[in-house]
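This report concerns only the one structure given below.
The values are calculated or read from the model by the stated rules, or taken from the named source; none is laboratory data. Everything quoted here is computed from the prediction, not taken from an experiment. Cβ coordinates were reconstructed from backbone atoms using ideal geometry, including for glycine residues, and neighbour counts include every protein chain displayed. Quick note on the areas: whole protein, heavy atoms, side chains included, nothing else; ligands and nucleic acids left out. Shrake-Rupley method; radii C 1.70, N 1.55, O 1.52, S 1.80 Å.
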Amino acid sequence: MDSLAEAAANCRCSRVVYVGNIAFHAADKEVRDACELIGPVRSFHLAADAATGKRKGYAFVEYADDATAQSACRNLHGHLLRGRELRVGLAGRTGGRRRGDHDPVGMDDAIHAASLVDFSGQRHAAAVASVTRYLAGLSRHQLREAAAAFETNKLLKDTAMEMVQRLLDMAAADAAAEEAKRKRRESASAATADDHRAKMRMLEDGGKATPVPAGVACV
């Protein structure tokens, strides 16, 4: 398996998850209870302004282990709480470096994202490395554009795959044409060489035609 696929398969993510889009009127216990649907919570912090006490609409939740945190990202994301869908992701994945909207998300985040996807089967496992490398080079802005394109056009994937296959077919046809030209050139070169050898033999014979054996009638 590719090293990137192995990294995604064995990724040990943070035990702390970020829970966003929390309704401002949701009680602390409501939010914590929702998080505990996934597993035991070690610590829970609902962010609020230090001066006013006004809630900021997000929380940080620590689970007992990485596996439970990953489960929260998969199963709690989109959970309805007070009419709003929670947004859940791993916290602290960027190593303290804030990325801009147009900066590449980077390989670390791409590997973490791959670790949260169920790549079952050899066919999917083989695709992890190439997809991870590609997504690592995209910015958040580009990722949102891609997500919107897939959401609004369900045929995009099939169309893109067909176009890729057509391009590969065209490349194969070009390669076959070049190979046919090469063989024709080799054949023409061989014929020229044979003609040259025949002329050299005639010169060596003094330019005379080969005599006709006795008893053979000329026509």
Screening A114, A129, A125, A149 for residues that are more than 30 Å from D66 (Cα to Cα), in a helix (DSSP H, G or I), open to solvent by less than 50 Å² (accessible area, probe 1.4 Å) and at pLDDT below 75 leaves only A149
Filtered residue count, the range 57-81, keeping only those that are under 13 Å from V19 (Cβ atoms) and either touching a residue at least 12 places away in the same chain (Cβ under 8 Å) or buried (at least 18 other Cβ atoms within 10 Å of the Cβ) (or both): 15
Does E162 count as under 30 Å from D103 (Cβ atoms), in a helix (DSSP H, G or I), at pLDDT below 75 and among the acidic types (D, E)? no
Test R185 against the stated conditions and say whether it is open to solvent by 100 Å² or more (accessible area, probe 1.4 Å), part of a helix (DSSP H, G or I) and modelled with pLDDT under 75. no
Cβ pairs under 9 Å, 6+ apart, first in the range 35-56 and closer than 19 Å to H25 by Cα and touching a residue at least 40 places away in the same chain (Cβ under 8 Å), second open to solvent by 40 Å² or more (accessible area, probe 1.4 Å) and of a type outside the set (K, R): C35/F44
In the range 49-103, residues that are of a type in the set (S, T, Y), part of a loop (DSSP other than H, G, I, E, B) and at pLDDT 85 or above total 1
